[in-house]
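Single-structure report; data block below.
Only the coordinates and a few stated rules stand behind these numbers; no lab work does. All figures in this text were calculated on a predicted structure; none of them were measured in a lab. Cβ: placed from backbone, ideal geometry, glycine included. Neighbour counts: every protein chain shown.
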Amino acid sequence: MKFAEVSIKNFLTIRDTKISLKDRGLQVLQGVNLTDPSANSNGSGKSSLVDAICWGIYGTTARGVKSDAVINRAAGKDCCVVLRILMEDNTQLVIARYRKHRVGKNRVTIYREDAAGGASIEITKGTDAETQKEIERLIGC
């Protein structure tokens, strides 16, 4: 399993970004706080990037932030994290988690796509709790 891409919208300090993680190796995260330059890199979203990946998979961050607390304060709505994960069977798993979002309200969805970007099959279960169990089964933790 390899993380290929993360798309983040209105999550913690991050307003809107898409980051390719495929074959990137070891990376350094540096930040610039554009809202308050006196804070240097504090509050610029470095931890929020890692928290977005964790929240996308598990519905909580590594720091225990969950539910509406993950929504960007300035936006107040439309929070979404979409993860593309390359699986060992050459398929892609697409996990999308929403909070106060016009498309997904407060839910999590899973899709399986072939690696060539062809057919996409939704494998979301009946409830978010069942879908969460399926995510954990698919990624193996």
Exercise for the section: Under 9 Å between Cβ atoms, at least 6 apart or on separate chains: pull out the pairs that start in the stretch 1-23 with a residue that is part of a loop (DSSP other than H, G, I, E, B) and end on any residue that is surrounded by 18 or more Cβ atoms within 10 Å (Cβ to Cβ) and of a type in the set (Asp, Glu). Expected result: 12/51
Problem - Residue, surrounded by the most Cβ atoms within 10 Å (Cβ to Cβ), within the stretch 5-40, restricted to residues that are within 25 Å of residue 67 (Cα to Cα) and among the hydrophobic types (A, V, I, L, M, F, W, C) - result: 11
Fill in the blank from the handout: The strands (runs of 3 or more DSSP E) lying wholly within the stretch 45-135 that contain at least 3 residues that are crowded, with 18+ Cβ neighbours inside 10 Å are 79-86, 91-99, 108-114
Fill in the blank from the handout: Those residues of the stretch 69-106 which are charged (D, E, K, R) and closer than 20 Å to residue 49 by Cα amount to 73, 77, 78, 84, 97, 99, 100
